[in-house]
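Below are the structure tokens for one structure; questions will follow.
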Amino acid sequence: YTILLMIFSMRGLSAQGLLEYRWDVGGGLGMCYYLGDVNSTPFSGGSVMGAFTLRRNFNPRMALKLNLAYGRYGGTSKGYFLPEGPSLPDRADDIAFKGNVVDIGAQFELNFWGYGLGPGYKKLSRITPYAILGVGTTVGIVEGANSFGINFPLGAGIKYKVMPRLNFIFEWTHRFTTIDKLDGPRLNDPYDIESSGLKNKDIYSFFMFTLTYDISRKYRLCNN
């Protein structure tokens with residue numbers, strides 16, 4: 001009786017290892033910071049950010065993530081030489097600002113190793129680094145002025161499967177935008193440099209930890 005119980009238990013564990021899911025859903029928290037005319041140092045002026053994520057897992061190597069994120073950041077012109085002009089008539093005082101971004105986007109994820117749990121022949125790993133490339137929209141809100149544009153996320157991360165359906169994920173992305181107003185109207189193009197495309201435009205970054213839960217099981221025919 002004991003031997004039979006062990007055999008059926010092992011078969012049950014094996015079946016659990018074969019379960020796969022189409023989607024995972026979760027939320028993340030981390031830091032948002034800005035890079036632009038008056039900040040070139042990562043994490044300087046950073047503040048809190050949060051995100052809701054929904055990921056479509058195509059296979060152990062590829063996924064598409066959708067996100068709705070909100071971040072806060074700040075900056076100051078202290079230490080930067082800015083020429084006087086219409087937007088900066090008086091350079092006697094340094095200019096400080098605080099901003100907010102709303103980010104809606106999609107990112108393609110390429111796992112370096114097959115991600116998941118399962119039999120050894122599948123060569124899956126419960127931990128993997130991955131690369132990120134995507135596109136999204138940004139709404140910037142700084143000192144009462146709103147700006148809208150497109151962003152292009154680029155970054156990397158690490159996924160770790162804590163339990164069969166629970167994932168712990170860290171990622172760091174730079175959002176390259178078509179906006180040059182994330183540092184506020186008073187610092188809009190202070191160097192009077194012609195902008196085009198992504199040239200001389202602002203960047204913001206998300207440094208984020210996420211917990212997600214697998215949903216929508218993939219049903220497979222049993223050959224037994």
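Ordering SER40, SER216 by how much accessible area each has at a 1.4 Å probe, largest first, what is the list?
Result of the area sort, largest leading: SER40, SER216.
Could you tell me what percent of the accessible area of region 104-167 is made up of carbon and sulfur, with a 1.4 Å probe and every protein chain present?
The nonpolar share, carbon plus sulfur, comes to 75 percent.
Would any residue of region 21-42 have its amide N under 19 Å from a label point 7 Å out along Cα→Cβ of MET163? List them or say none.
21-28
Still on this structure, I have one more. Name the residues whose placed amide hydrogens come within less than 5 Å of the amide hydrogen of ASN151, ignoring near sequence neighbours (fewer than 5 apart) on the same chain.
Amide H neighbours of ASN151: GLY136, THR137, THR138.
Leaving out ligands, DNA and RNA but keeping every protein chain, what accessible area does SER125 have, in Å² rounded to the nearest 10, with a 1.4 Å probe?
Surface accessible to solvent at SER125 totals approximately 30 Å².
Kindly report, to the nearest 10 Å², the accessible surface of VAL48 as traced by a 1.4 Å probe over protein heavy atoms only.
Probe radius 1.4 Å; accessible area of VAL48 about 80 Å².
All other residues with a Cβ under 12 Å from the Cβ of ALA69 taken together, and with Lys, Arg as +1 and Asp, Glu as -1, what is their net charge?
Local charge sum for ALA69: +1.
Let me ask another. Give me the distance between the Cα centres of region 131-152 and region 35-64, rounded to whole Å.
12
The values are calculated or read from the model by the stated rules, or taken from the named source; none is laboratory data. Keep in mind the model is a prediction, meaning the values are calculated, not measured. No Cβ is skipped: glycine too gets one built from the backbone with ideal geometry, and neighbour counts run over all protein chains shown. What goes into the accessible areas is simple: the full protein's heavy atoms, side chains included, and nothing from ligands, DNA or RNA. Shrake-Rupley method; radii C 1.70, N 1.55, O 1.52, S 1.80 Å.
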